[in-house]
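The values are calculated or read from the model by the stated rules, or taken from the named source; none is laboratory data. Quick caveat: nothing in here was measured; it's all calculated off a predicted structure. Every residue, glycine among them, receives a Cβ derived from its backbone with ideal geometry; neighbour counts consider all protein chains shown. The protein model used for the area step is the full one, side chains on, heavy atoms only, and it has no ligands, DNA or RNA in it. Shrake-Rupley method; radii C 1.70, N 1.55, O 1.52, S 1.80 Å.
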Amino acid sequence: MGTNMINVLTRFKAQSGKEQALLELLKSLVKPTRNELGCVKYELHQENEQQGHFIFIKSFVDHAAFEKHQNTGHFKRLKKEMPALIAQEPEIIILSQHA
């Protein structure tokens, strides 16, 4: 894994009462994304101290693989269904590893 690898943290906050629906939607992305060429890591976590807060920790071999992920059918379905389930826009942090 070279220096071109891209790491992304994405944090979602569910609307009250929509926590389980958001969790199921997010979980539905895990298997197909892990099977994508260029996906190194794709993990879904729930914050221990924040009910309904979920975080994806993901790594792709390079920015092109990340962009390709954003054009998959499962990602497009997330973008379509997510607005009805979230309390605010997801926080997206793109990281470059230095050490």
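Structure summary
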{"read-out": "Residue in region 2-28 that is nearest to E81 (Cα to Cα), counting only those that are in contact with a Ser or Thr (Cβ under 9 Å, 6 or more places away or on another chain) and surrounded by 14 or more Cβ atoms within 10 Å (Cβ to Cβ)", "value": "V8"}
{"read-out": "Hits in region 69-93 - residues which are in contact (Cβ under 8 Å) with a residue 24 or more places away in the chain, part of a loop (DSSP other than H, G, I, E, B) and out of contact with any Leu (no Cβ under 6 Å at 6 or more places or on another chain)", "value": "T72, A87, Q88, P90"}
{"read-out": "N48 vs. criteria among the polar types (S, T, N, Q), over 17 Å from A14 (Cβ atoms) and either assigned to a helix (DSSP H, G or I) or open to solvent by 40 Å² or more (accessible area, probe 1.4 Å) (or both)", "value": "no"}
{"read-out": "Answer residue from region 78-96, given it is closer than 24 Å to I6 by Cα and touching a Lys or Arg at 6+ places or on another chain (Cβ under 7 Å) and is least open to solvent (accessible area, probe 1.4 Å) among those", "value": "P90"}
{"read-out": "Any hit, region 22-37, residues being farther than 26 Å from Q97 by Cβ and among the acidic types (D, E)", "value": "yes"}
{"read-out": "Some residue of region 60-68 being in contact with a Ser or Thr (Cβ under 8 Å, 6 or more places away or on another chain) and either surrounded by 14 or more Cβ atoms within 10 Å (Cβ to Cβ) or outside any helix (DSSP H, G or I) (or both)", "value": "no"}
